[in-house]
Each structure stands twice: as C-alpha cells, then as structure tokens.
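Asks: A single structure is presented below for examination.
Taken together, the values in this text are just the output of simple stated rules run on the coordinates, not laboratory data. Because the structure is a prediction, the values reported are computed rather than measured. Cβ placement follows ideal geometry from the backbone for every residue including glycine, while neighbour counts extend to all protein chains displayed.
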Amino acid sequence: MNPLASPTPPMPALLALADGTWHRGHSCGAPGTAFGEIVFNTSMAGYQEIATDPSYAGQVVCLTYPQQGNYGISPEASEAARPALSALVVADACRTPSHWRSRETLPSYLARHGVVAVEGVDTRAVTLAVRGGGAMAAGVSTEVLDPDELVALVRAQPPIAERDLVAAVSCDAPWTETPAAGCGRSVAAVDCGQKAGIVAGLAARGLTVHTLPWDATAADVLALGADGAFLSNGPGDPASVPGVVACARGLLGRVPAFGICLGHQVMALAAGARTVKLAYGHHGGNEPVMNLLTRTCEVTAQNHNYAVDFPSFGPLVPGESGGRTSHEADLRCWAERGVAPVALSPEVGRVRLTHVNLNDGTCEGVEYLDRRAFSLQYHPEGRPGPLDGAYGFDAFCALMAGDPDYLVHAVQGRCA
C-alpha cells in the first residue's frame, strides 16, 4: 500500500426524522436503509448492552454520550445473540478501542450483524428534537441521500405499535438455565425479549429458570410446577400482545409472580388497568425512582416508551392511602406525603403503588396485595446501569418463600 495514498473516504450516510429535520454523517455500520422509532439513551457506557437489548427492537437509538465504542466489543457484554435495534446514531464511533476483553470494534460488530449506523451527527440536536416533538419515526440510510426523499420514506412508515416486535425477539423453544448452586426453587419465565442479565440475576439467587416463548399460555407456565412466574421485558406497545396479557391474567393469584418493564405493563393490563405512551420514554441509566415503602431513592436503568396509569386500577382505599380519596395524575405527590397508596381493582383486589419516577411522576412499581405478585418498570439487573434496584430479585425469592414483607426486607437485606 502506498503510504502517501489518500485513505478511502467514509461512506456518506443520512439520518432523517418525521418532523422534517435531517442530519448528514457517515456510516459506522452496515450499508443499507433502516427505519424505526427514534429514541435517545443517556447512558455514559454500555453501548453493547444497549445494542443487544431486545427491548430496542423497532427503534433507531441515538446515544447522547459523545464517543461510543472506546472499549470495544466483548462476548461477555451482550444481552442477546445479536443486536435488536433498527439503527444506531452516534456522534463518534471509536475504531481503536482499548480494553483487555475487546475482540472487535463497534463499527465492525454493527457491520457484521447488518445494523445500519451513522456517526458525525449532532446527537444533542437530535435529542432536543425528540424531547420537543416526542418519539417519532426516523430513518438512517447510506443509499437514500436526498433529505426530502428520505423524509418522505420515513413519514410513510407504519406506526411502531402496529408491528409484532415481541415474536421476533422471543426464544423459539423452551430452555432452562440451571444455577451452579441451586436453592431448590424454580421459576417459569415468559420471554418477551428477555435480557441475558435478567436470567443471570435470577440464577445468581440459586433459582432454576425455565424460559418459555412469548406465546406460552398460563396453562403452559403452571404445568411446569415452578415456584414462581416471571414476565420479562420486551419491545413495543403492551397492548399489542394480548396473548401475554391473557397469560398474566391466568397467573395472577395462582402462583407468586414478578414482572419487569413490559412484564410490569402486561400485568397491569391483566389487572384491568391502562397503559399510556410517554412523550419520549425513559432510556438510560440515571432515572431517579422513589421507593415509597422505604423512603429511599434509587438511581435506575430503564428502557421503555409506555407507563402504567396507576389511577386506572380503581378507586383509592382511604384507610390504606393516608386518608386520601382522590387520585392525582402526578404520582410524586405520594413521595411528598410519604404514603404508598392502595387502589381497589375490581379484577384483582388491592393494588399498592410502590415506586414513583421522580422526573415525571409516573408509576415505576406496584404490588398486588391480594395476588402474591409485584412488578417494576425499571431494570434491577442494570446492564448497563446502576444496581440500586437489584434487590428486586431478592424480593421475588422472599415472595416465593412466603415473606409478607418481602419488598421491605429485600431492601434491608433481611431476606432468607
């Protein structure tokens, strides 16, 4: 190679949003064109975990931290066998990573898995557009480089809620994770896009994890004779998976149950509540959440665009809600009062609000007091992110063991 020869110029790429804005950059992944709903993630690390999180299926992910890929790609960090996101947007993709576990660069990894990605974009401007206009359709292309043409193609895309995303990221057949040191209990997990870190978190507590595909019925779950049932995270609108909602409805009250993220939402739908779409969702590793039971604040890892509407469970029970009889839309009022309110659901009985997002006052966790079940909107396993909520796995173990104060004891480290 002639050392004086000019390097091969980078392949141009274009990002276009449904609001008509667009950004030129160059490719740092596979050639092609990809569409999805654009969201931004504020995590300062964990690009590999984000890229392989099945909950990002159907989404164009903009990472706000300036440089991505600086510590490379390692097999240990993946949350699934391959990336699930539609496309990736970054300011700068490092091609000279430094880490002893690194096996390849982020651009080569994305290219190998056919993920279209663009760098050289002002991710601050993209983030402001999403914060101002809400989550919207977007497209990234190395083929369509005319802004007007790509914007038109973006606007022609069907809404993400109309896409069957869960089926594409669930496992194809049942499988089992056996811990090195078991506790004698097992869990049946319904995989709607289950992260590897969640299975690891359950197995680390000595639980044998029997994972079933997303279309498993309540009868399928109960037939395993497990000590508890788990409903996993996953992509898209919870209302788009009525079968999973029906499964959750058949499990509530039959077996101790725990749900995370999408699992939290489908459990609420099964209990007769509603879910609402957030303006631009929660995506990152720094969301503050108040635990109403312990009055502690947790810094949490989150990835979702929908939230449970707590007032839709039913009327408040004044005697268990600090004497209050009226719901309020902003749930931060309960953090200020130091009360974990209880609503009365016609379908499942008493439902207690346990966790509240301190940024926007949305529901982050509930406890089904008459059904031996609870759920969390955020990710207790982190990956990437903090581990403030890791006690959620301990709480599940304590619930299966019959501890009536399982959530409080888990936080206090008093679970057996």
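Asks: Filter the range 376-392 down to the residues that are among the hydrophobic types (A, V, I, L, M, F, W, C) and surrounded by fewer than 21 Cβ atoms within 10 Å (Cβ to Cβ), then identify the one that is farthest from residue 262 (Cα to Cα).
Replies: Taking the candidates together, the pick is 387.
Asks: Out of the range 277-305, which residues are surrounded by fewer than 21 Cβ atoms within 10 Å (Cβ to Cβ), under 19 Å from residue 58 (Cβ atoms) and not basic (Lys, Arg)?
Replies: Once the filter is applied, which keeps residues that are surrounded by fewer than 21 Cβ atoms within 10 Å (Cβ to Cβ), under 19 Å from residue 58 (Cβ atoms) and not basic (Lys, Arg), the range 277-305 yields 278, 279, 280.
Asks: Based on this model, can you work out whether residue 373 counts as surrounded by 22 or more Cβ atoms within 10 Å (Cβ to Cβ), closer than 26 Å to residue 235 by Cα and not acidic (Asp, Glu)?
Replies: yes
Asks: On the basis of being out of contact with any Lys or Arg (no Cβ under 9 Å at 6 or more places or on another chain) and either buried (at least 21 other Cβ atoms within 10 Å of the Cβ) or closer than 27 Å to residue 172 by Cβ (or both), does residue 259 make the cut?
Replies: The answer is yes for residue 259.
Asks: Right, another one. Would you be able to tell me the number of residues in the range 321-337 that are in contact with a Cys (Cβ under 8 Å, 6 or more places away or on another chain) and either surrounded by fewer than 12 Cβ atoms within 10 Å (Cβ to Cβ) or not aliphatic (A, V, I, L, M) (or both)?
Replies: Of the residues in the range 321-337, 0 are in contact with a Cys (Cβ under 8 Å, 6 or more places away or on another chain) and either surrounded by fewer than 12 Cβ atoms within 10 Å (Cβ to Cβ) or not aliphatic (A, V, I, L, M) (or both).
Asks: Okay, moving on. For residue 312, indicate whether it is in contact (Cβ under 8 Å) with a residue 12 or more places away in the chain and either assigned to a strand (DSSP E or B) or among the hydrophobic types (A, V, I, L, M, F, W, C) (or both).
Replies: No: the conditions fail for residue 312.
Asks: Also: Which one of 308, 317, 356, 299 is of a type in the set (Val, Ile, Thr) and farther than 22 Å from residue 40 by Cα?
Replies: 317
Asks: Just wondering, is there one or more residues in the range 249-265 that are of a type in the set (Lys, Arg) and in a strand (DSSP E or B)?
Replies: Checked the range 249-265: no residue is of a type in the set (Lys, Arg) and in a strand (DSSP E or B).
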